[in-house]
Amino acid sequence: MLAPIAVIGTQVARQVARVGALARFSFSAFQAWGTLPAAGRRVARRVFLNQLWFTALQAIPLVIVLSSILSFLVISQAVRELGRIGAVELIGTLMVVAIVRELGPLLTALAVAGRSGTAIAAELATNKVMGEVDALEGMGIDPVHYLVLPRFGAAIVSVFSLTILFDGVAILAGLVAALANDMSAAHYFDIVLRSLAFRDASVTLIKGLVFGTIIGTVPSFHGLAVRRAATEVPIASSHAVVGSILAIFLCSALFVAVS
Amino acid sequence: MGVPPLSFEQVTVGDGTPSVVSLEVPGHRAVCVLGDEASGVGSLGRYALALDRPPTGRVLVLGENLAELPRRAALAFRRRVGYLPAGDGLLQNLTLYDNVALPLRFGSDRSEIDIDGRIQVMLTMLRLQHVAKLRPARVNEEERRRAALARALAFDPELVILEQPFDGLTTRAAAQLLELARGGELAVGARRSVFIVGQSLPEVLKARVELRYRLARGRLEPEN
């Protein structure tokens, strides 16, 4: 009779413990900014730049393609359909609220989580399985400083920058869609800029930072949580992506609720 | 007599039949503890560096119990000990040169020129110059082990802990590795204290390892 309740209770307790461990891990990653030894900064900076290359620069084509296709399709449909009922002015709201503020940060974060989140988790899990993490500890190097902090920083900078890129490209692709549907560039920019408020821009940028923090910590946490079996590496990658996507959607919903 | 570089005090190891190990590694000596995987011998090195905590007992390294130090202090203290983990623990995305340089770059304020000088000495000593720019996956097992030892000796520590250092090596390579770990000879013995754990020790090396123990059936017994 009580067995199912016990099973549910155990599962809930396990999940709560995992969230607690993730929160502690995130805190230690933040804390690592301040405790990185001066001598280690040069090495950490090099790892950070490598990560930035992989996470941000190599993701630029993907973000441009996603953003331009999404924006072109949405705006060309909107201009056509809203034009019929004389409500073409609403494409400004559509562009700012739906694309710039909501979908821009969300899709950018999902693209980075799928692309780099798996890579971070798999790389750190392999480091762990190969005994590299223990070797670092044995040399007196904190794995959080050497492995986590540069990836954490690079993920924040990357998602933040790629979100700006996504939104910029989306606005330009929207312009192309508007021109293709006989709307002048001046009219398009007038509508979009009238709808774009400082608050929308700030929410977008804050989302970029928050989603970057999620992608910087969740995959690292799952990657370093493996023990010594190679079979745990793909499991860690899978948990990392699922966990990141879930956290990104929950935060996105939270932003909508709060703002 | 000074403080022994490494001492295990009533430390429990092993799963099936746990053993209680009390052992001192005297200065300027090479000491080895052999045993099969189930004996838990592989844990001794990790306990010494406080990478794991023993269920009971304590380990003193250079007179200090690392398990009781705050994390930052323990990390800094570990730089005084050379550690060659089982496998080798080299970072796969770095060249052998960068692997050897890593502890110096991260744990010292030396300039890059000073670090390069030290690394060149280490690479020459360990005959790794021709493969220094290659990553671990592109060199053979002996070269990887040499690189891992070079990294362990980067700070010229007075105590070196070697985990299964000779597995898969030729007798000649194993002998060279041991001599490099000992760091030369002084009137009192080896320049460094060396603590080796593993499953076997090549016959020809027995003369160069002053104290040998075997951990089996819950007991630590001297071999010599």
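Among the trypsin sites (Lys or Arg not before Pro) found in segment B:133-189, those both in a DSSP coil and sparsely packed, with 16 or fewer other Cβ atoms within 10 Å of their Cβ, are B:Lys133.
With all protein chains in place and a 1.4 Å probe, the accessible surface of segment B:24-110 carries 46 percent carbon and sulfur. Between chain A and chain B, the total buried accessible area stands at approximately 2300 Å², from heavy atoms with a 1.4 Å probe. Residues A:Ser252, A:Ser68, sorted by accessible area with the largest first, give A:Ser68, A:Ser252 [1.4 Å probe; ligands and nucleic acids excluded]. Would you give the gap between the C-alpha center of segment A:1-33 and the C-alpha center of segment A:71-133, rounded to a whole Å? A separation of 29 Å, based on Cα centres. Treating r as the C-beta distance of B:His130 and B:Arg72 and R0 as 30 Å, the FRET efficiency rounds to 0.20. Annotation: aspartates and glutamates with alpha-carbon distance below 12 angstrom to A:Lys207 (same-chain offsets under eight excluded): A:Glu102. Axis angle, to the nearest 10 degrees, between helix B:171-182 and the longest C-alpha principal axis of chain B: 90 degrees. The angle between the Cα long axis of helix A:118-129 and the longest principal axis of the Cα atoms of chain A comes to about 0 degrees, rounded to the nearest 10. Rounded to the nearest 10 degrees, the inclination of helix A:185-195 to the longest alpha-carbon principal axis of chain A is 60 degrees. To the nearest 20 Debye, how big is the dipole of segment A:114-259 about its Cα centre, given +1 on the beta carbon of each Lys and Arg and -1 on that of each Asp and Glu? Result for segment A:114-259 is approximately 180 debye, rounded to the nearest 20.
The values are calculated or read from the model by the stated rules, or taken from the named source; none is laboratory data. Worth saying up front: this structure is predicted, and the values here are computed from it rather than measured. Because the Cβ atoms are built from the backbone with ideal geometry, glycine has one as well, and the counts that use them run over all protein chains shown. The area values use the complete protein model at the heavy-atom level, side chains included, leaving out ligands, DNA and RNA. Shrake-Rupley method; radii C 1.70, N 1.55, O 1.52, S 1.80 Å.
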